[in-house]
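First comes the structure, then the notes that go with it.
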């Protein structure tokens, strides 16, 4: 009797559990549906087209090895991404260091200065750089009129312009992970290093710097991946002469209508970033880096 | 002079004097404790000695050399921080090797000295571990080894045991004392725990509101405190005050609240008519049985009692004299405490300690 009763209870419990599961699935179904239709399906199509258009096979991928214009574009992309990442990290490190060593009041103002650009459209920011960097822009006219230079510097429509715009965009993304990491460094450790005989710089080099490296790695990954596929700023500030991969893909698909080549490059970019993240996740704890647990 | 001389140092924050005109010296090999409640300035004083806080006024002299304005790294003082401040990214060995590395010593020299320091604190087996893989007690020993390995002039300790549980704390107190005897350095130890101060120090400086109220050996401060603050902060005390009415041989009589008390003194007695306060330790007060008498007697009622195994801790309400806390050894008493019972407390003329009221 009691055995039956408990079996029945267990069954009831199971169906209740199944009931909750169904309800959870129902709740996430709209989101899941949207994700499938607008994200997974198009990406699947892109991957599929890269091996089927114009003819089935790996013909598009062969171009990676043979096409000179693709080589040039990849090299440009790599160069700009690297320089952007390194310069952003250096600037972000200095900013974050200043930030953690400031009074709470100063910190609030600095944060505002760091976050406001994040809220302003990337388009607006690119056009703002036009005003500053043009041949007859603010920077050139000030430098000319003060006699420091006699021919205007070309700061825009080239790689320099692209990098200036990208570094400006990436800076907050670099500062935040580094700041979060530095804030958790026990200041007493630095004091202890000084007390044990280390000069100011040595205490920084031997204690603060190694303890802040995880934040730098996290910021590096974030900035590098963002830079790699960046479109708007390079397209606007590069003036069509400095082609990075994202703009190159756009040209292939919208202008010369070579879907196969465009989708192949998109797929390559996707796999490259996936591969990079996988490799890095073996080196560092990505979940922790981006703030989870 | 070998040792540290602190003369008239002051540190002000806004309009608050964290350390106010403090002078004290510590001899080589001495164990000096800075004892005081939180906010008394003991940690600020220690940080001034270490060089992390700059004195607004006054001077620090170490072995005859003025160090008042030297940066911390130039003072050659060992320091154990509250919470230890071990370097989390370095192994135990590298933590202890740190002060030697920044002094550019050779690899062999470093290896030998680190081994010796780890031997001293019995941690040789754990040299390769990271700090987070150690227990609190072990971390604290690493901090000690790291602070001693470079043969500093003095060792400064900022509440090094406060993060540990009671049993471990007692163990490490013994170990610190042993270490102190062995290395023969001057130790300056900051704590708010008076028991810790009593059991470990050669000398205690009691601080309050940025000043040193009194300093002396643990026995001096416990048996012969000069101020009510120290009498109450080190151990516990009951206070009786009144004004002097009569001088006697080796003492005086004072009256307070309509009761006359006799008190013995070593020095000259206060003038007739002067106000006096005496402090009484709970263990120096007895409960009188009927028919028993004492030189000083006070009647009251029992309001609270605790049985602590070795003693009864009683709280007796003595009317205008306030509450008295009394401890009676259980082995010599047939006391059966009952709340509300009338009690007669008694103490001898030698039991009280004359203290300055503040």
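What follows draws every value from the coordinates through simple rules; no lab data is involved. Note that the structure is a prediction, hence the values are computed from the model and not measured. Note: ideal-geometry Cβ built from the backbone for every residue, glycine included; neighbour counts use all protein chains shown.
Within a 10 angstrom radius of the beta carbon, how do B:35, A:283, B:185 rank from fewest other beta carbons to most?
On the way: B:35 29, A:283 8, B:185 19.
Listed from fewest to most nearby Cβ atoms, that is A:283, B:185, B:35.
Here each label is just a point 7 Å from Cα along the line to Cβ, and for residue A:119 and residue A:281 those points are 3.4 nm apart. Averaged over the residues of B:78-85, the number of partner chain Cβ atoms lying within 10 Å of the residue Cβ comes to 4.
When Cβ neighbours within 10 Å are restricted to other protein chains, what is their mean count per residue of peptide B:102-112?
Per-residue shielding by partner chains comes out at 1.
Specify the inter-centroid distance of the range B:67-81 and the range A:26-90, based on alpha-carbon positions, in whole Å. Cα centroid to Cα centroid, the span is 58 Å.
Rounded, prolate or oblate for the range A:225-283? Axes are the square roots of the Cα gyration tensor eigenvalues, ordered a ≥ b ≥ c, and the cut-off for rounded is a/c under 1.5.
Note, shape of the range A:225-283 comes out oblate.
Considering every residue in B:40-51, what mean count of other chain Cβ atoms within 10 Å of its Cβ is obtained?
Values: counts 0, 0, 0, 0, 0, 0, 0, 2, 0, 0, 3, 3.
Per residue, the average neighbour count from other chains is 1.
Potential lengthening of the chain between residue A:67 and residue A:160 amounts to 30.9 nm, from the contour at 0.36 nm per residue minus the alpha-carbon distance.
Using just the alpha carbons, could you tell me how many Å³ per residue the convex hull of the range A:132-230 encloses? Present the calculation step by step, with values, prior to reporting the outcome.
Working: hull volume 13.9 nm³, N = 99.
Spelled out: Cα convex hull of the range A:132-230, divided by residues, is 141 Å³.
Convex hull volume per residue, computed on the Cα atoms of the protein assembly as shown, equals 329 Å³.
Sorting A:39-52, B:316-329 by their mean Cβ neighbour count within 10 Å, with the most densely packed peptide first, gives B:316-329, A:39-52. For chain B, dividing the convex hull volume of the Cα atoms by the residue count gives 179 Å³ per residue. For chain A, modelled as a GNM whose springs connect Cα atoms under 10 angstrom apart, the maximal fluctuation among A:106, A:84, A:233 occurs at A:106. Give the separation of the Cα centroids, the range B:1-27 to the range B:99-134, in Å. First find each Cα centre; the distance between them is then 34 Å.
Give the peptides B:161-169, B:37-45 in descending order of average Cβ contacts within 10 Å, highest first. Could the numbers behind the result be given before it?
Details: B:161-169: 14.6, B:37-45: 20.3.
Highest to lowest by the protection proxy: B:37-45, B:161-169.
Averaging Cα coordinates gives a centre for the range A:108-142 and one for the range B:155-173; these two points are 55 Å apart. Checking the a/c ratio against 1.5 first, then a/b against b/c, what shape does the Cα gyration tensor give for the range B:236-355? Prolate is the answer for the range B:236-355, as a/c is 1.5 or above and a/b outweighs b/c. Between residue B:271 and residue B:348, the FRET efficiency from the beta-carbon distance, with R0 = 22 Å, is close to 0.40. Each of the peptides B:68-75, B:262-269 was scored by the mean count of other Cβ atoms within 10 Å over its residues; in descending order, highest first, they stand as B:68-75, B:262-269.
With a/c under 1.5 counting as rounded, go ahead and sort the range B:120-237 into rounded, prolate or oblate using the C-alpha gyration tensor (a ≥ b ≥ c being the square roots of the eigenvalues; past the cut-off, prolate if a/b is larger than b/c, else oblate). Prolate, since a/c reaches 1.5 and a/b exceeds b/c.
Per DSSP helix of 4 or more residues, -39500 (n - 2.57); summed, then divided by the residues of the protein assembly as shown. What does that give at 222 nm, rounded to the nearest 500?
So the calculated ellipticity at 222 nm is -15000 deg cm²/dmol.
When you restrict to C-alpha pairs under 8 Å that are six or more residues apart and normalise by the size of the range B:236-355, the relative contact order lands at 29 percent. Converting the Cα gyration tensor eigenvalues of the range A:67-289 into ellipsoid dimensions via √(5λ) gives semi-axes, longest first, of 35, 25, 15 Å.
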